[in-house]
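Colleague: Shown below is the structure under consideration.
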Amino acid sequence: MPSPVLTLVELGPDDALFPAWCEVWAAGQRVDRPDESPRPASDHVALGRQLLAPGGSRDGTHRAAVVDGGVVGALRLLFPTKDNPTIAIVDVAVHPEHRRRGIGTALLTDGIRLASAAGRTELIAEVDEPRPGTPGREFALRHGWWCDLLETRRDLVLPPDEEALADLESKAREASVGYEVVTWRDRTPEELLDDRAVLEQRMTTDAPHGDLPVEEERWDGERIREYEAAHVARGRTVLSAGAVKDGRLVAFTDLQVPLAQPERANQAGTLVLREHRGHRLGALVKAAVLRELAATQPGVRKISTYNSDSNVPMVGVNEALGFRPAGHLSSWSRRL
C-alpha cells in the first residue's frame, strides 16, 4: 500500500483549513501541559489577520502540512518590518499523533526556503519545555539549531500570600519616595505614550537576550497603539502599572489576561529605566498590578512569567511574591 502523500498548503486565517491548523497547536499543548487550556483558535486568527494588514510592524505567512485531506502540521513565519531586517521567527508544530514521520522536517525546510526568499538570513524559534527532553528541544538539536537563551517559567498561584505582598509593597514604597504609581487597562494614557515607547525600546537592549542575533527595536507611539490594538483583537485585556517621576513614566509592567480563558494570565514585559534603578520600582509596579488584577479579574487563578536566571533582581522580586519554577522557555537560532 503506498504511503500517504504529504502536501504543504499556503493558507490564511479565514481559509477553510485554518481551524484544523489551529487544532495542531492545541493538540500539542494538551499533551505538553495537560492541566492548562490550549491557546484558542481565535488568538491565531487575530494574529494571522494582523500579519496581512498593511503598514504593521511585522508580516508573515502560514503553511499547513496536509495528509489525506487532514491537517497534521503547522508552520508560521513572522518577519519584522520596522527593524531586524535579517530575522525570521519560525513556529513549527506537528500533531502528536503524526510525529516522527518527517512532517516537521518538511515544514522547517519550507520555512527556511521562504525566509531565504524574503532576504532573511537568521532564524529564531521558541520551545516550551515543561519538563526535560521535550520533542521541541530534540527537534531543534537534530536540525542544527543553537540554544541562545534559556528562561525559567515561574507560576504564581492566586491569591498571593497577603503578608508577603504587603511586606513587599511596604518596602517598595519606602525605597520609592517621590515616585507615583499609576495603573491603566488596554490603552496607555496619551500623556505617557512617548515614555512607554522608550521603555519598550529599552526592553530590547536592557533585558537579557542571551546570544540571540537580535538588534534594538524601534518603538514610537504609533507602534504602541498597534501593540495594544493587537491584544484587544486577540481577546486579551492588558492590565498595566507604571511608576512616574516628574511627569515621566520610568517603569512599567504588563499583565495579559485571555478573556475567553482567564484562569491563567501572563506577566509580560517589566522594565525600570536604568537611571531609576535602586528604588524597588519593579516590585512597586508588580504589586500594584496584582492588586488591580484581584479587583477587576477575580477569575484568574494563576500567573506565569519568564525570566533568565541572570536577571537576579527580577527573579528575586518574583520569588518574593511567591512565583515558583514550572519549566523553561528556550530560544533558538540558526544562521542561513
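Just so it is clear, none of the values below were taken in a lab; they were calculated from the coordinates. It should be emphasised that the depicted structure is a prediction, and the values quoted were computed from it without experimental measurement. Heads up, the Cβs are rebuilt from the backbone with ideal geometry, glycines too, and the neighbour counts pull from every protein chain shown.
Colleague: With charges set only on the Cβ (+1 for Lys and Arg, -1 for Asp and Glu), what does the dipole of the chain come to about its Cα centre, in debye to the nearest 20?
Modeller: Using only the charged Cβ atoms, the result is roughly 620 debye.
Colleague: Please report, in debye to the nearest 20, how large the charge dipole of region 66-208 is about its Cα centre when each Lys and Arg carries +1 at its beta carbon and each Asp and Glu carries -1 there.
Modeller: 1040 debye
Colleague: Collect residues whose amide H, placed 1.01 Å from N in the peptide plane, falls under 5 Å from the amide H of ASP59; neighbours closer than 5 in sequence don't count.
Modeller: PHE79, THR81
Colleague: Between ALA229 and LYS245, with labels modelled 7 Å along Cα→Cβ, what's the label distance in nm to one decimal, could you check?
Modeller: It works out to 3.4 nm between the two label points.
Colleague: Please list, ordered by chain and number, the residues whose modelled amide H lies under 5 Å from the amide H of ALA326; skip anything fewer than 5 residues away on the same chain.
Modeller: HN-HN under 5 Å from ALA326: ARG153, ARG154, ASP155.
Colleague: Which whole-Hz couplings ³J(HN,Hα) result when phi for each residue of region 129-143 is put into the Karplus expression 6.51 cos²θ - 1.76 cosθ + 1.60, θ = phi - 60°, listed in order with x for Gly and Pro?
Modeller: For region 129-143, the Karplus curve yields 10, x, 8, x, x, 5, x, x, 5, 4, 5, 5, 5, 5, 9 Hz.
Colleague: Which residues' amide hydrogens lie under 5 Å from the amide hydrogen of THR237, considering only partners 5 or more residues apart or on another chain, with H built in the peptide plane?
Modeller: Counting only residues 5 or more places away or on other chains, the set is VAL257, LEU259.
Colleague: Which one, (i) 5, 24, 34, 25, 10, 2, 0, 0; (ii) 6, 28, 36, 23, 6, 0; (iii) 5, 20, 22, 14, 9, 7, 5, 6, 6, 5, 2, 0, gives P(r) over Cα pairs in 10 Å bins from 0, in percent as derived from the coordinates shown?
Modeller: Only one option fits the structure, namely (i).
Colleague: Roughly how many debye, to the nearest 20, is the charge dipole of region 27-124 about its Cα centre, given +1 on each Lys and Arg Cβ, -1 on each Asp and Glu Cβ, and no other charges?
Modeller: My answer is approximately 140 debye.
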